[in-house]
Amino acid sequence: MAALGIGVWAGKYDIGFLEAYQVLFDHLTGNGDANGMKDTVVWEIHLPRAIGGLLGGAVLGIAGAVMQSSMKNPLADPYTTGISSGASLGATIAIITGFTILPSVSASLGTVVNAFVFALIPALVIILISTFKTNMTSTSIILIGVAVMYVFSATDTLLKVSTTAEKLADAYVWGIGTLGRTTWSSIPIMLGGAVFGVAFFMLLSRKVGILSMNDKSAVAMGENPKKLRLAFMVVVAMITSVIVAFTGTIGFVGLVAPHIVRLAIGSDCRYLIPASACFGAAFLMCADCAARMLTVTGLPVGIITSIIGGPLFLIILVRMRRKSAW
Amino acid sequence: MSEAKNADAKRDYRRYILRKILYIAVLALAVFVSAGVSITLGARDIHFFDVYRILFEHISGVSYETGSPAWWDDYIVWDIRLPRVMVAVVAGIALSVCGTVIQSMVKNPLADPYTTGISSGAVFGVAIAMVLGLTASPSGSGAGVLLNAFIFGMIPAGVIILLSRGKSMSPATIILCGIAMSYLFSAMSTLLMIVSDAETIANIYKWQIGSLEGVTWDTFPLMAAVTAAGTAASLVLASKLNILATGDNNAKSLGLNVDGIRTICLVVISLVTASVTCYIGIISFLGLVAPNLTRLVIGSDNKYLVPASMLAGAAILLLADTASRLISTVNVPVGVVMSFVGGPVFLLLIIINKKEVWRRTIRRINRRIAATPGRRFCSA
């Protein structure tokens, strides 16, 4: 399993320029001046983007895996449940109106906090409704997420419409999800969130596995499934909002990654979670490379992931009655 | 004894009809009044009652000296402000007819042109026409764009109808399929849009979220014609839809060409939605809110439901537009307002997920059939 993860991990680098490694290596060893221009381009523009993709993909992949397992719902993912759009709304509010919930912290951290608070709303709505209405099917729960998302995107649109055309185009691209905006300054926060998320869920992967059985067995094993699920959702909302605040809503990564991994290695959470993180990272970077190579101007990566993820979502939906993978 | 029962039944029936008529009358009044209010809004001050006078005078052919204040009033009311109102009314009618028909056909209160992905398909068709200049018909003008929107709107509509024929899928699952398709289509239209410059993106974006800003009489004829045809077809089909609601087997044994009706509905829904989407973009949830509200008040007999929710749709869209213009000075697109109203309604419908209304109709039809001795077709 580890080999698979490493293989995927390594695979993604082949897509970049071969030369890039040399430049990076030179930079690290202090020979950067020799390359001049190339060094700047690779180090200042391409590398942050690549790292952003790596971290974003890993977080979204892990978030998807945890949500799918803990909610026992193959369709769950930060995007389909509305968590991403909540985070996106929070970030948009911070960017356009300058309003943050914690005014004392710095601008970019304030954006993250905003994103987090708004990301909690759909998460809590879903948890609340699925607690009180026990007969909800997994599709209904996703539909609730979608409904919440519609309201959020309407608010989002409202904010965007009131700005200028130039700003709108910018906000629009950001709303679809792009890695083009990640710079070195955003890496530390993203890295912090990602490391925390990965570490948290790797350590607790057994508990996620317990949640993926039915609740009675979880109780029998000495866990409180409701509390645990709530805690997981809060952490998922947190790490997702850290990423979304910098990249915008990149859809379906959290849906695609766990499903493909599950095909290969089954649904044991101890392996599923790290493997999904690796696959998510690889997937997002591949998508980003494809997005950059397809056109001269470069597409937002969110489009690529949607075009891949949309049909997959449909397939899962149609085949859901055969729950073989579970 | 039986006579008293008879009188009771008659009174109940009269009440039942009265309620429907009352509902329709209230809606008609709402449309009329909010149209007036909507026309008063704008830079030039025109009084509420003057609006009706001016409109009446225009229709009765009074002419004014060019450049006089009365001429200006007439020009502004008739040529600038009335198109917006008329387009809102037509779009409202169109979308709620589509919503009603598709809901009745697939027996799913969550269906509407937006949630089933038809609108997004239509937008993709338009985006192809606008960005790439490819149209299905060589004329390239309004009709060509409409045809494109129609063809791409048919795809999600067809998938939804096919999926809902099998009994294995729950309503929520089917709608989720629609939403997945709308994700896909909007990703593809975004793909087309993103290659153009910032100005174009802003333009297409504003059009796509559904806005009545800047509509003129040019928009009107094609949209109105298509909507009129679609509405007429739906009114004719209403009683057939009632029968269809009892299930395929029942409908077939009553001599209904089930697949034929589905195909006609498919074409009607896609065409009407396309005609609206082409001109004013996606107005989300209108086709969801209007029929569900109406069904709450007057029940789900399609013969009354279709015309009543038509009016409800027109009233809601017009009210939403007027309200948004009254409340804020910023131009809030009406599509956004509808999302605010429709999103929570959608949420509520998912949570309630009641199949009662449909069963009630079936029971009623059953009773009617039972009145004919020796027959009983439907199972509730």
**Message:** Which count do you get for residues in region B:85-118 that are closer than 21 Å to B:Ser211 by Cα and among the hydroxyl-bearing types (Ser, Thr, Tyr)?
**Reply:** 4
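Residue-by-condition table, conditions (1) out of contact with any Asp or Glu (no Cβ under 9 Å at 6 or more places or on another chain); (2) at pLDDT below 85; (3) surrounded by fewer than 17 Cβ atoms within 10 Å (Cβ to Cβ); (4) within 14 Å of another protein chain (Cβ to nearest Cβ):
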| residue | (1), (2), (3), (4) |
| --- | --- |
| A:Leu211 | no, yes, no, no |
| A:Ala220 | yes, yes, yes, no |
| A:Ala231 | yes, no, yes, no |
| A:Val236 | yes, no, no, no |
| A:Ser241 | yes, no, no, no |
| A:Gly248 | yes, yes, no, yes |
| A:Val256 | no, no, no, yes |
| A:Arg262 | yes, yes, no, no |
**Request:** Being facing chain B (nearest Cβ under 8 Å) and either more than 23 Å from A:Met238 (Cβ to Cβ) or in contact with a Phe, Trp or Tyr (Cβ under 6 Å, 6 or more places away or on another chain) (or both) is the filter here, so list the residues in region A:137-157 that pass it.
**Result:** A:Thr137, A:Thr139, A:Ser140, A:Leu143, A:Ala147, A:Tyr150, A:Ala154, A:Thr157
**Asked** Assuming B:Ser239 fulfils every condition listed in (1) outside any helix (DSSP H, G or I); (2) surrounded by fewer than 17 Cβ atoms within 10 Å (Cβ to Cβ); (3) away from chain A (no Cβ under 14 Å) apart from one, which condition is it?
**Response** (1)
**Asked** Does region B:291-302 contain at least one residue that is touching a Gly at 6+ places or on another chain (Cβ under 6 Å), surrounded by 17 or more Cβ atoms within 10 Å (Cβ to Cβ) and either more than 10 Å from chain A (Cβ to nearest Cβ) or at pLDDT 85 or above (or both)?
**Response** yes
**Prompt:** Of (1) away from chain A (no Cβ under 14 Å); (2) within 17 Å of B:Ile39 (Cβ to Cβ), B:Ala320 satisfies all except one. Which?
**Reply:** (1)
**Asked** With respect to the numbered conditions (1) free of Cβ contacts under 8 Å to residues at least 60 places away in the same chain; (2) surrounded by fewer than 19 Cβ atoms within 10 Å (Cβ to Cβ), which one is the sole condition not fulfilled by A:Arg206?
**Response** (1)
**Prompt:** Among (1) part of a helix (DSSP H, G or I); (2) without any contact (Cβ under 8 Å) to a residue 24 or more places away in the chain; (3) not hydrophobic (A, V, I, L, M, F, W, C), where does B:Glu65 come up short?
**Reply:** (1)
**Item:** Count of region A:127-136 residues which are modelled with pLDDT of 80 or more and either part of a loop (DSSP other than H, G, I, E, B) or more than 7 Å from chain B (Cβ to nearest Cβ) (or both)
**Value:** 2
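The values are calculated or read from the model by the stated rules, or taken from the named source; none is laboratory data. Note that this is a predicted model, so its numbers are computed, not measured. Don't worry about glycine lacking a Cβ; one is built from the backbone with ideal geometry, like all the others, and counts go over all protein chains shown.
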